[in-house]
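Heads up: the structure comes next, in structure tokens.
The values are calculated or read from the model by the stated rules, or taken from the named source; none is laboratory data. Keep in mind the model is a prediction, meaning the values are calculated, not measured. Cβ coordinates were reconstructed from backbone atoms using ideal geometry, including for glycine residues, and neighbour counts include every protein chain displayed.
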Amino acid sequence: MTAPTARRRRTDRWNADTVSQLVAAGVGAVSLTWVLSARVLPIGRVAEAALFGMVTFVVLYGVCVASSDSWFAARDRVAAALFTIAGLLLFAALVAVVSFTAVRGYQAVLHINFWTETTATTGPADPLTKGGVLAALVGTLEQVGIAALVSVPLGLATAVYLNEVGGRLARTVRTVIDAMSAVPGIVAGLFVFAVAVLTLGYSRSGLAAAIALAIEMLPVVTRTGEVVLRLVPEPLREAAYALGSTQWQTVRKVVLPTARTGLVTAVLLGVARVIGETAPVLLTSGFTAELNADPAHGPQVSLPLFIFTEVRFPLDHAISRAFGAALVLLTVVIVLFTAARLLGRKKLS
Amino acid sequence: MTAAATSRREIAPSSTPADKAFRGTVRGAAVLALSVMGLIGVFLFLRALPALQVTGWRFLTTAEWLPGVGHFGVAAVLEGTILIAGIALLVAVPVGFGASIWIAEYAPRHLRPALVSLVDLMAAVPSIVYGLWGFFFVQPHLIPVSRWLSENLGPALPFLRVDNAETDSSFASSAFIAGCVVGVMVVPTVTSIMREVFSQAPTGEREAALALGGTQWAVVRRVVVPFGRSGIIGGSMLGLGRALGETVAVYLIISPVFAVTTHPLQSGTHTISALIATLSTESSGVALSGLLAAGLVLFLFTLLVNAGAAVVVNRSRSGQVTG
């Protein structure tokens, strides 16, 4: 006597069954959302409708799979749908941030004066054909440059210490550097303010802001640098020692050149991390709308501070300028980040 | 036959001067990096001391900010900070968990490196850009959500009620909206930590689960999630640490109200970082010292949260200790 054979289960992810279930649930969700939002529920906005559609889709999809397959399959598939939706939401947020900034900011960026003028003689109500971010660009370049000059040698030397020299201190240093990456920007700014302005009597300046940025940048450079150095194959070091090199020669001629692109990545990531930091700059650099190319004396504006100042005017043109500067900042971050990734990938292959 | 009486060559390595200088330099750099953290704590404490001497321990329990009469403390702003960070986690943890499982388990394999990079990029987007997006894009979309929550759940849950509910501005600039925006900002942090731990789930146990007839969901539920539990907790805590310190995005969105926030949907709240950002330019004397004391509280609080997170996450990683 043979048992009645069940229909053979197809284990491939995409087949006629699974695709048709997806399509059915999708069509159902879209039509239901359309009917309800147009006729019944007071859903006027795209975002709410999308949210409602997603929930409907998940429910319909579960019912669809459960009715044509099994309860187990339905649970599996609904879980997959939920995880996929979470992933898509995350990337939708990224796309929304980037595209919203681009849409609101591109008009300001298109004017030549945006790049060649300051807002020293421009009021917040003036049209976009007047005023620009020149002072902020100069300030950001100088502040981030000084921050990099301070934190890159220090961070890379610390990374070399952690990975090449080591010792009893290494564990403590690693823990503290980790903790440092968690210091809020505002606290870093407050610290520099307490030291430079309150204790040393130094005025607010681009240099003070640069030191605050360096504090934020140091842990990024150190941690990334350490990871990169750890990727240098051990046999290379052993070969260098076997040929009679001292440790310094090994590090200088073998380890650092091997890790060079990776170390550049570490620096780029550090710069990308701090170039848009507003909180540390807020307390330390002071604000002036005028071009001040001297980071050591007097207040100096930077791109984040420019955005922060302009956006608080309740006037369309000022806000457009803020979005223009935000677009510049975002573009720089994306370019730095992409460059860092491309370099990092070259290292791997 | 006796060997020629050459003295045995000494091979115990003695460092060259260059080596000694090298080790000394990098060790010095490490100590310098180490001391920066110590200096932050010491200077904040020294500068906060005048204010702390005025208020004593009441600094932690006073909910008002009247430095002129010596009656000030961080209770209200600390509560606001924790409230906004808590709302942020309510947004960030579910999305981050789902997204990290999706990247680690479901996303097409050839896309995963790119997705990981995109998450990292999202973490690198400056907070002021999130602030602009939150104020001009998210807020108008969230006000109807706030209103809906308040009207439908408010009768049952009193803390969701809102005064003057007729106008939209009663719902704007609230702790809820700031929390949601900060939530989006910390999602990438949460996601990348969780994904890293999930992707380390042992292949053998995954395959065993599949071989026993488990679905992909069963693998996730019985292997990946239990294995990555420390990553879930640690990632959430790191996200919390990020959310606690967030300044500009919150500053741009909230309207500062110096009182304990009891109604998160109602316009107006305050956080420690926003307090410092608002008052630092116009304060002096004891008031300024009070701001530094508030900064010290924030500093110690984030350190505590992140140290906890580091302990939890490290428990799941193998040794990374140099000898």
> Which of the residues that make up region B:87-118 are more than 15 Å from the chain's Cα centre (by Cα), more than 7 Å from chain A (Cβ to nearest Cβ) and within 23 Å of A:Ile334 (Cα to Cα)?
Replying inline: B:Ser100, B:His110, B:Leu111, B:Arg112, B:Pro113, B:Ala114, B:Leu115, B:Val116
> Any chance region B:145-158 includes a residue that's surrounded by fewer than 20 Cβ atoms within 10 Å (Cβ to Cβ), within 13 Å of chain A (Cβ to nearest Cβ), of a type in the set (Lys, Arg) and more than 22 Å from the chain's Cα centre (by Cα)?
Replying inline: yes
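Is it true that A:Leu329 is surrounded by fewer than 24 Cβ atoms within 10 Å (Cβ to Cβ) and assigned by TED's automatic domain parsing to the domain that holds A:Ala259? Quick ask: steps written out before the conclusion?
Working: surrounded by fewer than 24 Cβ atoms within 10 Å (Cβ to Cβ): no; assigned by TED's automatic domain parsing to the domain that holds A:Ala259: yes.
So A:Leu329 does not fit the description; no.
Got a sec? Which of A:Glu226, A:Glu216, A:Glu238 is in a helix (DSSP H, G or I), under 13 Å from A:Val281 (Cβ atoms) and either modelled with pLDDT under 90 or charged (D, E, K, R) (or both)? Reasoning before the result, please.
Values: A:Glu226 fails: under 13 Å from A:Val281 (Cβ atoms); A:Glu238 fails: under 13 Å from A:Val281 (Cβ atoms).
Just one listed residue meets the conditions, A:Glu216.
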>> Step by step: first the residues of region B:65-81, then only those that are part of a helix (DSSP H, G or I) and away from chain A (no Cβ under 14 Å), then the one that is surrounded by the most Cβ atoms within 10 Å (Cβ to Cβ). Which residue is that?
In response: B:Gly80
> Would you pick out the residues in region B:82-103 that are crowded, with 19+ Cβ neighbours inside 10 Å, closer than 16 Å to A:Ile85 by Cβ and not polar (S, T, N, Q)?
Replying inline: B:Val91, B:Ala92, B:Val93, B:Val95, B:Gly96, B:Phe97, B:Gly98, B:Ala99, B:Ile101, B:Trp102, B:Ile103
>> If I ask for residues that are away from chain B (no Cβ under 13 Å) and either under 25 Å from the mean Cα position of the chain (by Cα) or closer than 12 Å to A:Leu207 by Cα (or both), which ones from region A:267-291 would you list?
In response: A:Val267
> Do we have B:Ser283 as surrounded by fewer than 24 Cβ atoms within 10 Å (Cβ to Cβ), within 13 Å of another protein chain (Cβ to nearest Cβ) and either over 23 Å from the mean Cα position of the chain (by Cα) or at negative phi (or both) here?
Replying inline: yes
> Inside region B:125-144, can you point out the residues that are in a helix (DSSP H, G or I), at the interface with chain A (Cβ under 8 Å from one of its Cβ atoms) and free of Cβ contacts under 8 Å to residues at least 12 places away in the same chain?
Replying inline: B:Val129, B:Phe136, B:Phe137, B:His141, B:Pro144
> Which pairs do you get when a residue that is at the interface with chain B (Cβ under 7 Å from one of its Cβ atoms) and at negative phi, found in region A:75-100, comes within reach of a residue that is at pLDDT 90 or above and not in a helix (DSSP H, G or I), reach meaning Cβ atoms under 9 angstrom, with the pair 6+ apart or on two chains?
Replying inline: A:Thr84/B:Ala107; A:Gly87/B:Ala107; A:Leu94/B:Val125; A:Val97/B:Val125
> Residues of region B:146-163 being without any contact (Cβ under 8 Å) to a residue 40 or more places away in the chain and among the hydrophobic types (A, V, I, L, M, F, W, C), which ones?
Replying inline: B:Trp148, B:Leu153, B:Ala156, B:Leu157
> Which pairs have Cβ atoms under 9 Å, sit 6 or more apart or on different chains, and link a residue in region B:281-292 that is part of a helix (DSSP H, G or I) to one that is hydroxyl-bearing (Ser, Thr, Tyr) and surrounded by 16 or more Cβ atoms within 10 Å (Cβ to Cβ)?
Replying inline: B:Leu288/B:Ser280; B:Ser289/B:Ser283; B:Gly290/B:Thr55; B:Gly290/B:Ser283; B:Leu291/B:Ser280; B:Leu291/B:Ser283
> Among the residues of region A:266-323, which ones are modelled with pLDDT of 90 or more and aromatic (Phe, Trp, Tyr)?
Replying inline: A:Phe306, A:Phe308, A:Phe323
> Within region A:272-305, which residues are crowded, with 24+ Cβ neighbours inside 10 Å, outside any loop (DSSP other than H, G, I, E, B) and not small (Gly, Ala, Ser)?
Replying inline: A:Val274, A:Pro280, A:Val281, A:Leu282, A:Leu283, A:Thr284, A:Leu303, A:Pro304, A:Leu305
> Out of (1) of a type in the set (Gly, Ala, Ser); (2) more than 22 Å from B:Ala30 (Cα to Cα); (3) part of a helix (DSSP H, G or I), the odd one out for A:Gly131 is which?
Replying inline: (3)
> Residues B:Thr55, B:Thr62: which one is away from chain A (no Cβ under 12 Å) and not in a helix (DSSP H, G or I)?
Replying inline: B:Thr62
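Step by step: first the residues of region A:101-121, then only those that are in contact (Cβ under 8 Å) with a residue 60 or more places away in the chain and β-branched (Val, Ile, Thr), then the one that is nearest to B:Ala107 (Cα to Cα). Which residue is that?
Initial filter on region A:101-121 (in contact (Cβ under 8 Å) with a residue 60 or more places away in the chain): A:101-102, A:104-109, A:114, A:118-120.
Then drop every residue that is not β-branched (Val, Ile, Thr), which leaves A:101, A:109, A:118-119.
Working: A:Thr101: 28, A:Val109: 37, A:Thr118: 47, A:Thr119: 47 Å.
Only one residue tops the list, namely A:Thr101.
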